[in-house]
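S.K.: Structure in structure tokens, see below.
The values are calculated or read from the model by the stated rules, or taken from the named source; none is laboratory data. Quick caveat: nothing in here was measured; it's all calculated off a predicted structure. Here the Cβ is made from the backbone with ideal geometry for all residues, glycine too, and neighbour counts use every protein chain on show. Accessible surface is based on the protein model in full, side chains and every heavy atom, while ligands, DNA and RNA are left aside. Shrake-Rupley method; radii C 1.70, N 1.55, O 1.52, S 1.80 Å.
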Amino acid sequence: MLAVETSYRRSGIGTALALRAIQRMQKLGCQSIQLETEVTNEGAQKLYEDRLGFIREEMLVKYYLNWNNAYRLRLWLK
């Protein structure tokens, strides 16, 4: 799970944390990274899809305990 305190958001911390994790997974030989994000979490979607290049693979209906839907995202590594 990746989370940034509300008062520190939009300062690049989330991007930096995600990039560091992606780089580590590449070094470990991972071929792809898969994650889920709530469909209402537009900030996370912008980070993962627009900034980091994740691709939306599917929608997971009633995925979370609060019955909200999620998107499954994947980033293919080189």
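S.K.: How about the stretch 1-72: which trypsin sites (Lys or Arg not before Pro) there lie in a loop by DSSP and see at most 15 other Cβ atoms within 10 Å?
M.R.: Details: sites: Arg9, Arg10, Arg20, Arg24, Lys27, Lys46, Arg51, Arg56, Lys62, Arg72; in loops: Arg9, Arg10, Lys62.
Those satisfying the criteria are Arg9, Arg10, Lys62.
S.K.: Considering only Gln23, Val39, Leu60, whose Cα is most displaced toward the positive end of the charge dipole of the chain, charges sitting on Cβ of Lys, Arg (+1) and Asp, Glu (-1)?
M.R.: After comparing all options, I get Gln23.
S.K.: So, one more: Considering only the other residues whose Cβ falls under 9 Å of the Cβ of Asn69, what net charge follows from Lys and Arg at +1 and Asp and Glu at -1? Could the numbers behind the result be given before it?
M.R.: On the way: positive: Lys62; negative: Glu38.
Charge balance near Asn69 sits at 0.
S.K.: Looking at the chain, which chymotrypsin sites (Phe, Trp or Tyr not before Pro) are DSSP coil and have at most 11 other C-beta atoms within 10 Å of their C-beta?
M.R.: Working: sites: Tyr8, Tyr48, Phe54, Tyr63, Tyr64, Trp67, Tyr71, Trp76; in loops: Phe54, Tyr63, Tyr64, Trp67.
Filter output for the chain: Trp67.
S.K.: Tell me what the chain gives for mean residue ellipticity at 222 nm when only DSSP H runs of n ≥ 4 count, each as -39,500 (n - 2.57), the sum divided by the residue total, rounded to 500 deg cm²/dmol. Each step should come with its number before you reach the end.
M.R.: Values: 2 runs with 19 residues, N = 78.
My calculation for the chain gives -7000 deg cm²/dmol from helical runs alone.
S.K.: Leaving out ligands, DNA and RNA, and with a 1.4 Å probe, what % of the accessible surface on the stretch 3-55 is carbon or sulfur? Display every interim value, and only then the final one.
M.R.: On the way: 1860 of 3900 Å².
Answer for the stretch 3-55: carbon and sulfur cover 48 percent of the accessible area.
S.K.: Can you tell me the Rg and Dmax of the chain, counting just the alpha carbons, in angstroms?
M.R.: Gyration radius and largest Cα-Cα distance of the chain: 12.9, 36 Å.
S.K.: Right, next: Anyone know which of Leu35, Leu65, Leu52 comes out most mobile in the 10 Å Cα GNM of the chain?
M.R.: Taking springs between Cα atoms under 10 Å, the residue moving most is Leu65.
S.K.: With a 1.4 Å probe and all protein chains left in place, how much accessible area per residue does the chain have, in Å²? Let's see the in-between values first.
M.R.: Working: 6070 Å² over 78 residues.
Per-residue value: 78 Å².
S.K.: To continue, here is another question. When the chain is fully extended, how far beyond the present Cα-Cα distance does Lys46 get from Gln23, taking 0.36 nm per residue of separation? The partial results should precede the final answer.
M.R.: On the way: separation 23, 0.36 × 23 = 8.28 nm, distance 1.94 nm.
Length gained between Lys46 and Gln23: 6.3 nm.
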